[in-house]
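This report concerns only the one structure given below.
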Amino acid sequence: MKRLRLILAFIGVLNISAQEKDSLDFKFGEINGLEEVVVTGQINPQSVNKSVFEVKVINRETIDRLAANNLADILNQQLNINIIPNASTGKSGVQLFGLDSQYFKILVDNIPLISDEGLGNNADLTQINLDDIERIEIVEGSMGVQYGANAVSGIINIITKKDAQSEWQITPYVQEETIGDEYNFEDEGRHIQSVKVAHNINDNWFAQISATRNDFKGRFGEKQGQNYQQNDGLRGYEWLPKLQNNYKALVRFKSKNTTAFYKLEWFDERVKRYSESVRLNENSSTGTINPTASDDIFKSGRMFHHFNLNTKLFEKTNLNISTSFQEQKRDVEEFTYRIKTGEKLNIRKNEFESRQAIFSRGNLSNLLNFEKFDLQVGYELNLIDGFASPMSNPLQSDPVDRKLNNYDVFATSKYQFSDKFSIRPGVRALFSNQFDPLMAVSLSSKYLFNDGVEARAVVGSSPRTPSYDELFTYFVDVNHDVRGNENLKPEQGFSTFIHFKKTFWSDDYKLKIKPKLSFWYLNVSDRIELTIVNPSPLAYQFSNIDKFQSIGTSMTTSLEYKNISGNIGLSLTGVSKVLDSQDNFNDDFLYGLQANSNISYRIPKWGLTSSVFFKYNGPQYQFVQQQNEADETVLTRGKQDGFGLMDASFRKRLIKNKLDLTFGIRNVLDVDRVNTTAVEGGAHDAAPSSLLLAYGRSYFIKLLYQFKF
Amino acid sequence: MKHLKITLQILLLVLFISCDSDDDNPAQSEMVVAFENASTSFSAEDDRKTINLVFSSPATENGSLIVDWNSTNSVYGEDFTVIPEATNNSFTLEFNAGDEGVSFDINKLQNPIEGTQKSVNFDIIEVNHRNAIVGGNTSLNVDFTGAAAASGNISPEVGGPNQPNQVYVDLSGQNSTAINRAAWDLAFYQGEEFRVKLNGSLFMATAELDETDITAITSQDVASLQGQVAVGTFNPSNMAYVDAPSGEINETAIAEIANNNEDNKVYLLNLGNSVGTETPQPGSVELSGEPRGWKKIRILKDGINYILQHADLDATEFEEISISKSGNNAFEYVNLASNSTVEVDQNIQWDIEFTTFTNEIEGAGSYGYSDFVVNNRLANVSAYAVENSEIEYADYNIEDVSDEEFSLDQRAIGSNWRVGGGPNSSPTLKQELFFVLKDSDENIYKIRFTALTDENGVRGFPKFEYEKLN
């Protein structure tokens, strides 16, 4: 028995699967007490398998094994999720079920995190540092009842670490990475330094501070850098250099019935964008050139305060209140750079865009004193103050200053009919100063069959609020008429998911296999798209006109055997778009295949873990309008080629597990550009023939030391 | 103790890696001094010219330079003098720190007898300034016999991102003249035909109505037409409402003025847009300001003269102006607001004009262009483009000129000298081609554009150089 416990403990602690870490099966979970607890969408923190929602967990171990510094480093191994990096802005967005980051919400400790363009949505994944993260929880599907607007395709909830084992814990680390094949100490590679100090002041109080510096020097690729003097498109960088600093502080109080914490974060970032277009400024008289270029430096700053109180009232009822003030601001410094002399001329500093938010959510749970019935009621308030300069949108003529105030109330309940069957209905009413009141609903249920099969059905809805571009674009001149529409209403997202899973054990409990089968349907109605509102004179405006549908199925299996653990997943997603905004469209479902797998092998004696992660993104299809030979506009099925992303790492613990050494290879298959015919050209731009998705094979080494006393 | 050591090591490593060198700046280059142009020419009317010398970068200290000359059949003090005064065949020009050039004047004292060659060749022989050299146009040939300029560098004053000016350039005379493009509305042809041209630089458009009484038209009558009679509606049929972009005088939007005035219909006139006033982002243009509104017009013939009637749409009375046909120039120009004729290019000889322009996009109809270059079709100026990949500008000479390629279409240069931009990219100079132009005196020039913007990327500051091939 003792041996079994030991094995189970290992499996529990070092569960390798990146895809999804499920805790041990119900009855064994009881034995060893190592059940994984999740909070996303829960009334009370729950074990993963008790959760009515299907929560995927990326644990700290996986983050460490990939030496992931920010969210973009880790999510590209997730099934269904695509990371869309933008080499020309340095940002990375997320795409899930064919919907972009406007439909996806990112939360930190259950509250939405601010970005340049939204609260929770439109996040730049590279700006979200993972150093103090305990685990990442992912829920696919619309979560409007739990998390409000813009949680259409799903949510990520980042849970930060709020305790330490010893009285003092000081953790410095350095991480050195190549960027593709570029690396040196001066102007190439990625250099990360970090230090974290955690202190248990007494039984009740805990405090932690950390600082991280991430110096991404950019990738030259074919480009020649800042001081290149030719106008042949080779000036600048293929991937923009970016320097990030992150400072975090936490104070936590814990007593028998109350926990409270205050978290403060300061983040700043500097991205340099060098124009590839060089003006030679020829002087025909002297026969000289004085090349100049228009460059930009973007400076972003984010401030994040979060106060949370979680306490018991009247012995049983739970009160949980989070209040947060957050601000993110992006400034731009535009200037002319004289390449020969290095002078900066005509410097203009402006605010590019910003968001400021006051957020509060509170709820009371276990309100009614029944064993089988839970009720949670709550409010959510967010006051978002946004600014967008005309520089942030080439088709916007005036700066925009706008307040969006949301006042939501919600109630969810859980009824446990039996040990096997529970349901969870929920409803949220969303009131705002900009839109008509909206409603989000959800209904989830879980059924445990006699043979151990768990079945879950989750239905949810969530609206997406229109973006500033959609609301405030105004580009009218002698040749053009393109306008936003301030009367847009939010899009409506709705999703249904069905999951089946079961755990199989071998007789000696050495082998555990846990397959899961999922099906889903997701649709977005009233989808906002630019459409022709008048053919002659030609005028465009954003309207609630289109419809989006996605269907899919996935099969994932996790496997554990002795010191080997792994995971394999396969998913097929079909997307159909009804584009009433265009003259002709094809709403056939276009299917894309994704597969991922990872395997890791531990040698406990040596403190060594080796892992390989692989994800295959199959070809993606999209209908695009093209001119045929007879100069007619026709719809063709464009294709973006498939590609595989593989990461591998070795991790070794030394000096009584105090020194942690990780060496690894990102993008083993050396992917950078992927051919595509799935992008439409514009009136002034030809369609690109390839997409830049990664920067080639890179190597990293991370050295972390833990002082504990 | 061991802890401490490792801590120190790690901290040192962190410190080492954190040392971030700032971007290193390239070294300052030398200052090159040159004549602005390699040659210039006095016409019979000119008696004084200012000669500019330019520096490749502003002077960093006070300095001076010395110019001397050798002459052909020209004697200092008899045929010409210079200011500042010269001694011993040379003179000194002083400059201050920050100056970007210096200049001197040449006075022509007498016109040469026809048939004799009179010229002076000036050379920069010395520059007194740190890091300065003489380069590029190290000498200047001044001709006193009125020959066409052999070369030149011109920076037409288009006037920045609103592009307020139409600039008329004469290559042989090495000069340019800027005129506000909103100065006129309609141009009345002075040649054989009775034709009237719109000011396409303001994106005007016009449609013939079924009426000969100008007072009978009201805004209600034309309401349904107004959406269509405009530039940039993306309706291919709107080409009927603008003049042929080719410059063919017989394809104006307004029909030829008929001899029988009963056949001359009233026209609905869209006055286009005023010159923009806002300052756009560098790289963009803001050509059009507010719409200038609508007029109704009718043009009649009175013997060899034109009569123009014009009024606001709902006016029951109209203004009238008579435009005589002298035949001295290509056009007489009318400004409707002042009901008068105005001076535009009447007394200017020109080869190319920088202007905003109403062009056609095949399949999409009329479209407003910026940075357009028009060759003077009515004065028989023609041009064509040559790709650098065929032959380099520097190597191109008179033997390479192909007579069949010259196009009279006034868009022979057009917008071909720049790369069109889009919502996310600004237009840029197209470096891979140059142009060959033949003027009305059969002078053949090669032309190479050297700038679309100023050094900050602000639009509306073009530059080009040219050289005579024959």
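The values are calculated or read from the model by the stated rules, or taken from the named source; none is laboratory data. All figures in this text were calculated on a predicted structure; none of them were measured in a lab. Every residue, glycine as well, gets a Cβ built from its backbone with ideal geometry; the counts of neighbours run over all protein chains shown. What goes into the accessible areas is simple: the full protein's heavy atoms, side chains included, and nothing from ligands, DNA or RNA. Shrake-Rupley method; radii C 1.70, N 1.55, O 1.52, S 1.80 Å.
Can you name every residue in the stretch B:437-454 that is away from chain A (no Cβ under 11 Å) and β-branched (Val, Ile, Thr)? If you could, list the steps in order and put the result at the bottom.
Step one: list which residues in the stretch B:437-454 are away from chain A (no Cβ under 11 Å), which gives B:437-447.
B:Ile444, B:Ile447 - these are the residues of the stretch B:437-454 that are away from chain A (no Cβ under 11 Å) and β-branched (Val, Ile, Thr).
Kindly check whether there is at least one residue in the stretch A:369-380 that is open to solvent by less than 20 Å² (accessible area, probe 1.4 Å) and within 26 Å of A:Leu264 (Cβ to Cβ).
Checking the stretch A:369-380: at least one residue is open to solvent by less than 20 Å² (accessible area, probe 1.4 Å) and within 26 Å of A:Leu264 (Cβ to Cβ).
Please verify whether A:Arg270 is in contact (Cβ under 8 Å) with a residue 40 or more places away in the chain and not small (Gly, Ala, Ser), treating the condition exactly as stated.
So A:Arg270 does not fit the description; no.
Across the stretch A:282-308, what is the number of residues that are among the hydroxyl-bearing types (Ser, Thr, Tyr), more than 30 Å from A:Lys162 (Cα to Cα) and open to solvent by less than 20 Å² (accessible area, probe 1.4 Å)?
Adding up the residues that qualify gives 3.
Of all residues in the stretch A:481-537, which are part of a strand (DSSP E or B), in contact with a Lys or Arg (Cβ under 6 Å, 6 or more places away or on another chain) and farther than 30 Å from A:Ala429 by Cα?
A:Lys501, A:Trp505, A:Lys516
Residues that are touching a strand residue (DSSP E or B) at 6+ places or on another chain (Cβ under 8 Å), without any contact (Cβ under 8 Å) to a residue 40 or more places away in the chain and under 30 Å from B:Asn456 (Cα atoms): does the stretch A:359-368 have at least one?
Checking the stretch A:359-368: not a single residue is touching a strand residue (DSSP E or B) at 6+ places or on another chain (Cβ under 8 Å), without any contact (Cβ under 8 Å) to a residue 40 or more places away in the chain and under 30 Å from B:Asn456 (Cα atoms).
Restricting to the stretch A:552-595, name every residue that is assigned to a strand (DSSP E or B) and open to solvent by 50 Å² or more (accessible area, probe 1.4 Å).
A:Met555, A:Leu559, A:Tyr561, A:Ile564, A:Ile568, A:Leu570, A:Leu572, A:Lys577, A:Tyr591, A:Leu593
Test of understanding: among A:Phe472, A:Phe497, which residue is at pLDDT 90 or above, out of contact with any Pro (no Cβ under 8 Å at 6 or more places or on another chain) and crowded, with 20+ Cβ neighbours inside 10 Å? I'd like the intermediate steps shown before the answer.
Numbers: A:Phe472 fails: at pLDDT 90 or above.
Every option except A:Phe497 fails the conditions.
Kindly indicate whether B:Ala230 is more than 23 Å from the chain's Cα centre (by Cα), within 27 Å of A:Asp398 (Cα to Cα) and either modelled with pLDDT of 90 or more or away from every other protein chain (no Cβ under 14 Å) (or both).
Criteria met by B:Ala230.
Would you mind finding the one in B:Pro245, B:Pro236 that is away from chain A (no Cβ under 14 Å), under 32 Å from the mean Cα position of the chain (by Cα) and within 30 Å of B:Ser407 (Cβ to Cβ)?
Only one candidate qualifies: B:Pro245.
Any chance the stretch B:313-324 includes a residue that's closer than 19 Å to B:Phe203 by Cα and without any contact (Cβ under 8 Å) to a residue 24 or more places away in the chain?
no
Whether any residue in the stretch B:125-136 is open to solvent by 50 Å² or more (accessible area, probe 1.4 Å), free of Cβ contacts under 8 Å to residues at least 24 places away in the same chain and charged (D, E, K, R) is what I want to check.
No, the stretch B:125-136 contains no residue that is open to solvent by 50 Å² or more (accessible area, probe 1.4 Å), free of Cβ contacts under 8 Å to residues at least 24 places away in the same chain and charged (D, E, K, R).
Hey, A:Val139 hits all of (1) touching a helix residue (DSSP H, G or I) at 6+ places or on another chain (Cβ under 6 Å); (2) assigned to a strand (DSSP E or B) but one; which does it fall short on?
It fails just one condition, (1).
How about the stretch B:389-399: which of its residues are assigned to a loop (DSSP other than H, G, I, E, B) and more than 25 Å from B:Glu353 (Cβ to Cβ)?
Within the stretch B:389-399, B:Ser389, B:Glu390, B:Ile391, B:Glu392, B:Ala394, B:Asp395, B:Asn397 meet the criteria.
Quick one: is A:Asp398 more than 24 Å from A:Thr259 (Cα to Cα), out of contact with any Gly (no Cβ under 9 Å at 6 or more places or on another chain), surrounded by fewer than 17 Cβ atoms within 10 Å (Cβ to Cβ) and away from chain B (no Cβ under 14 Å)?
Taking the combined requirement at face value, the residue does not satisfy it.
Quick check, is A:Leu522 touching a residue at least 12 places away in the same chain (Cβ under 8 Å), open to solvent by less than 20 Å² (accessible area, probe 1.4 Å), under 30 Å from B:Glu290 (Cα atoms) and of a type outside the set (Gly, Ala, Ser)?
It is false that A:Leu522 is touching a residue at least 12 places away in the same chain (Cβ under 8 Å), open to solvent by less than 20 Å² (accessible area, probe 1.4 Å), under 30 Å from B:Glu290 (Cα atoms) and of a type outside the set (Gly, Ala, Ser).
Every residue in the stretch A:294-327 that is more than 30 Å from A:Leu364 (Cα to Cα) and either among the acidic types (Asp, Glu) or more than 12 Å from chain B (Cβ to nearest Cβ) (or both), please.
A:Asp295, A:Asp296, A:Phe298, A:Lys299, A:Ser300, A:Gly301, A:Arg302
Counting only residues that are closer than 28 Å to B:Pro462 by Cβ and within 14 Å of another protein chain (Cβ to nearest Cβ), give me the strands (runs of 3 or more DSSP E) lying completely in the stretch B:83-174 with at least 1 of them.
The qualifying strands (runs of 3 or more DSSP E) are B:101-108, B:119-128, B:132-134, B:139-143, B:151-154.
Which number in (1) surrounded by fewer than 17 Cβ atoms within 10 Å (Cβ to Cβ); (2) touching a helix residue (DSSP H, G or I) at 6+ places or on another chain (Cβ under 8 Å) marks the one condition that B:Tyr384 misses?
Looking at each condition in turn, B:Tyr384 falls short on (1).
Tally the residues that are away from chain A (no Cβ under 13 Å), out of contact with any Pro (no Cβ under 9 Å at 6 or more places or on another chain) and either part of a loop (DSSP other than H, G, I, E, B) or closer than 14 Å to B:Glu387 by Cα (or both), restricting the search to the stretch B:400-432.
First, the residues of the stretch B:400-432 that are away from chain A (no Cβ under 13 Å): B:400-414, B:416-417.
Those left that are additionally out of contact with any Pro (no Cβ under 9 Å at 6 or more places or on another chain): B:400-408, B:412-413, B:416.
Filter again for either part of a loop (DSSP other than H, G, I, E, B) or closer than 14 Å to B:Glu387 by Cα (or both), leaving B:400-402, B:405-406, B:408, B:412-413, B:416.
Residues meeting the conditions: 9.
In the set B:Glu286, B:Glu320, B:Glu290, which member is in a strand (DSSP E or B), within 14 Å of chain A (Cβ to nearest Cβ) and either charged (D, E, K, R) or buried (at least 21 other Cβ atoms within 10 Å of the Cβ) (or both)?
B:Glu290
Could you tell me whether A:Leu404 is touching a residue at least 60 places away in the same chain (Cβ under 8 Å), open to solvent by less than 50 Å² (accessible area, probe 1.4 Å) and either more than 14 Å from chain B (Cβ to nearest Cβ) or in a strand (DSSP E or B) (or both)?
When the stated conditions are applied, A:Leu404 passes them.
Kindly indicate which of A:Lys512, A:Lys489, A:Lys516, A:Lys446 is open to solvent by 50 Å² or more (accessible area, probe 1.4 Å) and among the basic types (Lys, Arg).
A:Lys489
Is the stretch B:92-106 home to any residue that is among the charged types (D, E, K, R), surrounded by 12 or more Cβ atoms within 10 Å (Cβ to Cβ) and farther than 23 Å from A:Asn283 by Cβ?
Looking for residues that are among the charged types (D, E, K, R), surrounded by 12 or more Cβ atoms within 10 Å (Cβ to Cβ) and farther than 23 Å from A:Asn283 by Cβ, one finds none in the stretch B:92-106, hence no.
Identify the single condition in (1) away from chain A (no Cβ under 14 Å); (2) loosely packed, with under 13 Cβ neighbours inside 10 Å; (3) not basic (Lys, Arg) that B:Gly363 does not satisfy, given that it satisfies every other one.
The single condition B:Gly363 does not satisfy is (1).
State all residues of the stretch A:316-374 that are over 30 Å from A:Thr258 (Cβ atoms), of a type outside the set (Ser, Thr, Tyr) and not in a strand (DSSP E or B); if no residue qualifies, say none.
A:Ile339, A:Lys340, A:Gly342
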